[in-house]
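What follows is a single structure, written as structure tokens, with notes after it.
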Amino acid sequence: MRKQLIDTMSKTLEKNKETVLLLGDIGVHGFRHAKKKFPNRVYNIGILEQTTVSLAAGLKIAGFTPTVHTIAPFLIERAYEQIKVDFCYQGLGGNLVTVGGSYDYAALGCTHHCPSDVMMINLLPNSEIFLPGHSNEFNNLFQTAYKNDHLSYFRLGEEENETHHEVKPYKNSIVKDINANTTIVCVGSTLKNVLLATKNLDVNIIYCTTVKPFDVNSLKKFLDGTLILIEPYASSVILDQIIVSHKMPNEIVSHNIPKKFIEKYGSKAEIDKLLGFDTKSIKNLILKHKNN
Amino acid sequence: MLKLSDKLIIKKLKKEILEICFNAKEGHLGSSFSILDILYVLYTHVLDITPNKKNSNKRDYFILSKGHASLAHAAVLYEKNFIKLKELRSYCSYDSILGGHLDRKKVNGVEVSSGSLGHGISIAVGIALGLKIKKIQNKVFVVVGDGEINEGTFWESLLIASNKNLNNLCCIVDYNRSNDLSIKLDPLKHKLDSFGFTVLEIDGHCHEEIRNATMFFRKTSEKPTIVLANTIKGKGVRVMENNPEWHHKSPNIDELNKMIKELS
């Protein structure tokens, strides 16, 4: 997805003269051509995330559309107050694009993990959250949202789904609807393992790439049965929005990342297994709660 | 109508601020009085901002980063016709446009909603960079407190401003020695010099010095500028001057009457 970010940003810089990209000393090599072409609108600001976020808000006040890119914990957790005050409270639009959440950098340890990012941005008024599951989907989501008046958060993953879906921003995609009593709602790249886990299972599958605002209306048809939410971050941001909408399903199961430090290293796949996001664990979860 | 001298206007505004603080039972008087002269001179003689120009792309930008001194800012915005007297006197009431920290979405002429320290300078750097990209000649002014500059974001912002040579940025430090209670900053001028800024040290209550320094920046500066304004917290009311007790306190009726008398 990083390649797609470079492609999408480069094209956006080309077509929109008010686009500015601020890097936190991450992805600098990848953006070298864009930097050369647009030296006044692509900056490697450095490793000072709080100031970078506020500076981006200043650029917005001056009439630009800023995008800040770096690794999730350093942008979202470290600069959280700047995001809250300088974008959301001021009522300014802007874009944050991260890599590394939740545990894409599994081997680098807890400082580089960030399962809390989505939950944290969800708490902020005037914010939107996008988790594309495929490179092609990012472009579509970004092009729709990047110029609006919200703080738009795009979390890009190292892992992608096998194929991309024709996702519509702010809408869920119904991937499988067989009138089953159990419906899986999965976010971003979790779709890959969900599809593998449900090959021979009678379940409906809803695919979500806009986590906030969540498309609650897409659930309407499925509320009589069991809803299983599979979200690759801490806390169920979707459940939060379902509750507020008063459109509760008959039964609901929420699967997300536990609020504890991940003390193991290894690969993302190994941590998926540890936390129940691998194919086998997802299948077992569904079988346990499936409403026959 | 008789035009009051600057000195009399400052006294008038101070009395108004005291009355408002007494009625609202809210306000940071000490800080408001330490920056009132600076704000008044900026809005009167230096800034290219008027109520008619508040949305123009070609305007100067002013940010009060030490937002708790909102009474001074609101009083000057009233004096310069950005807000009405009725609005000023509604300070901190339930439906007021004016809270203890001003909100850009509610108050004409306020560029940045303040409250959390250490944000204003970084936003100012972003605006200054934006004006440079657009090749707009206007300037960005930000007032920070000396206590506020403990924040790492202040120093980070100086690094960027210097690195990008934002000579359209003027940061005024309200050096009222609030910070002496925690980390002493001296030699502050030396530290600021070392960041590659033009540093001008002035008496922050002398209108001529405020005007000369900020106009020097406007006309000639080749580097980003810091005006180190030596001020007195609570300036003009003896009981308040340099007295931390008056950082966030409203006067009772006896105190109010004495203060008004002293200013009359």
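The values are calculated or read from the model by the stated rules, or taken from the named source; none is laboratory data. The model shown is predicted, which means the values in this text are computed figures rather than measured ones. Ideal geometry is used to build each Cβ from the backbone, glycine not excepted, and the neighbour counts take in all protein chains shown.
What the table below lists for this structure:
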read-out: A:Ser127 being more than 14 Å from chain B (Cβ to nearest Cβ) and touching a Phe, Trp or Tyr at 6+ places or on another chain (Cβ under 9 Å); value: yes
read-out: Hits in region A:260-292 (condition: of a type in the set (Lys, Arg), farther than 17 Å from A:Asn200 by Cα and assigned to a loop (DSSP other than H, G, I, E, B)); value: A:Lys260, A:Lys264
read-out: Any hit, region B:153-174, residues being charged (D, E, K, R) and farther than 19 Å from B:Thr220 by Cα; value: yes
read-out: Odd one out for A:Ser10, checked against (1) among the small types (Gly, Ala, Ser); (2) under 18 Å from A:Asn139 (Cα atoms); (3) assigned to a loop (DSSP other than H, G, I, E, B); value: (3)
read-out: A:Ile243 being surrounded by fewer than 20 Cβ atoms within 10 Å (Cβ to Cβ), part of a strand (DSSP E or B) and β-branched (Val, Ile, Thr); value: no
read-out: Sole exception among (1) in contact with a strand residue (DSSP E or B) (Cβ under 8 Å, 6 or more places away or on another chain); (2) at pLDDT 95 or above for B:Met240, by number; value: (1)
read-out: Single match in A:Glu251, A:Glu270 (criterion: surrounded by fewer than 17 Cβ atoms within 10 Å (Cβ to Cβ), of a type in the set (Asp, Glu) and within 23 Å of the chain's Cα centre (by Cα)); value: A:Glu270
read-out: Scan of region A:70-95 for residues that are surrounded by 24 or more Cβ atoms within 10 Å (Cβ to Cβ) and either more than 8 Å from chain B (Cβ to nearest Cβ) or part of a strand (DSSP E or B) (or both), ordered by number; value: A:Thr70, A:Ala72, A:Leu75, A:Ile76, A:Ala79, A:Ile83, A:Phe87, A:Gly94, A:Asn95
read-out: Hey, A:Ala34 at pLDDT 95 or above, surrounded by fewer than 23 Cβ atoms within 10 Å (Cβ to Cβ) and more than 14 Å from chain B (Cβ to nearest Cβ) or not; value: yes
read-out: Region A:41-64 - residue that is aliphatic (A, V, I, L, M) and facing chain B (nearest Cβ under 7 Å) and, of those, surrounded by the most Cβ atoms within 10 Å (Cβ to Cβ); value: A:Leu55
read-out: Residue that is surrounded by the fewest Cβ atoms within 10 Å (Cβ to Cβ) [pool: residues in region B:173-195 that are in contact with a Leu (Cβ under 8 Å, 6 or more places away or on another chain) and more than 14 Å from chain A (Cβ to nearest Cβ)]; value: B:Lys191
read-out: B:Val227 in contact (Cβ under 8 Å) with a residue 40 or more places away in the chain, within 25 Å of B:Leu8 (Cβ to Cβ) and either in a helix (DSSP H, G or I) or away from every other protein chain (no Cβ under 14 Å) (or both); value: yes
read-out: Given (1) surrounded by fewer than 19 Cβ atoms within 10 Å (Cβ to Cβ); (2) on the phi > 0 side of the Ramachandran plot, index of the condition A:Ser235 fails; value: (1)
read-out: Pair list, Cβ under 6 Å, 6 or more apart: region A:239-258 residue over 14 Å from A:Ile228 (Cα atoms), other residue crowded, with 17+ Cβ neighbours inside 10 Å and among the aromatic types (Phe, Trp, Tyr); value: A:Gln241/A:Phe214; A:Ile257/A:Tyr233
